[in-house]
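All remarks here apply to the structure that follows.
Laboratory data are not the source of any read-out in this text; all were calculated from the coordinates shown. Remember, predicted model here, so these are calculated numbers, not experimental data. All Cβ positions, glycine included, derive from the backbone under ideal geometry; neighbour counts span all protein chains shown.
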Amino acid sequence: MSPLGFLWLIFLQHTGAALGYVLFTHSARRGSNTTIPCKFDVNAVPPAQRTFSVIWHFQEKEIFRYPNNPEVLNSRLSIDQDRIKDGTADLYMSGVSISDGGLYKCSMTQIPGEKEKEIRLDVYAPPRITITGENIFISKENVLSCAISGFYPVDIDIKWLRDGIILNNITLEKPQRDPDGTYSVRSSVTIIPTEEDRKRIFSCRIQHESLTTPLQEDFQLVYGGKKNHNKVKNGENQEKKLMASNLQDQNKHHEDNQENQKENLLANNPLGNITYICTFTFSLCTFAI
């Protein structure tokens, strides 16, 4: 709750007796099950006569009634019927969504005195962090990026740190509303890393209404420039060595073929004095007697 909202609530609580109105607040996490409280003083009604009816409204629209009204049945909503006779009309809600946040009104009939209460439900969703861009090149401008998603309400504070010291050159994009009602935003910081930064801890720190303590993602830089360059050079050298080795194998195989052909000619020559001239480049041999 904002400071102004808190002061307004204190004001209403202190002046409730005169105004006949007190606004209560209740908070719930998105996706959770929650109970919106509502209780009346029924001590003035004899136990045998405690047959009360309960009606719940949300944003001025009826959403639940006991005894049940078939036209407004909602499987996500229920109350404990056994506690109604004691003045307890709490509304049980399953699977809280962002759209469930707002003003609720609880009323109970057939009781003396106060018959209606208003409760504001504040729904919150904690943020998630994803770090990108930690693979950097030394002595050059690099951008580290922090994607924050799934949070509600929209107000959020994001800081970048290096070994606990806040960094400047921060860029914060405009928050975007996602289909589920939560928000997402991207923050980035520009750095020129040095060799000393190799062992330092970089952090993206978030403060949000849904968090009791700041959420922080720590990481170390991955120096990619020199490493990738070495990979390329090593690959080129290995390719050259492989080509040279293949060429040597081909030459040796060619020489072996020449020797085999000479031996076959001598072994199969019946005249014994045949001279031969072979041009192996063109795979052609000429003979003379």
Subject >> Scattering curve values for the stretch 87-228, log₁₀ I(q)/I(0), Debye with Cα scatterers, q = 0.13, 0.15, 0.16 Å⁻¹ >> reply: -0.68, -0.81, -0.87
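Assuming R0 = 22 Å, can you tell me the calculated FRET efficiency for the pair ASP155 and SER94, based on Cβ-Cβ distance, to the nearest 0.05?
0.20
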Subject >> Inter-label distance for ARG198 and ARG29, nm, one decimal - labels placed 7 Å from Cα along Cα-to-Cβ >> reply: 4.1
Original post:
Label-point separation (nm) for GLU62 and GLN216, each offset 7 Å from Cα along Cα-to-Cβ?
Top reply: 5.4
Subject >> Alpha-carbon gyration tensor eigenvalues x 5, square-rooted, for the stretch 49-108, Å >> reply: 20, 12, 11
Original post:
Under unit Cβ charges (Lys, Arg +1; Asp, Glu -1), what dipole magnitude, rounded to 20 debye, does the stretch 139-230 have relative to its Cα centre?
Top reply: 420
Original post:
Once both labels are modelled 7 Å past Cα along the beta-carbon direction, what's the ALA44-ILE166 spacing in nm?
Top reply: 5.6
Original post:
Computed FRET efficiency, Cβ-Cβ of GLU134 and ARG177, R0 25 Å: what is it to the nearest 0.05?
Top reply: 0.35
Subject >> Per-selection Rg to Rh, the stretch 158-220 - Cα, Kirkwood hydrodynamic radius >> reply: 1.03
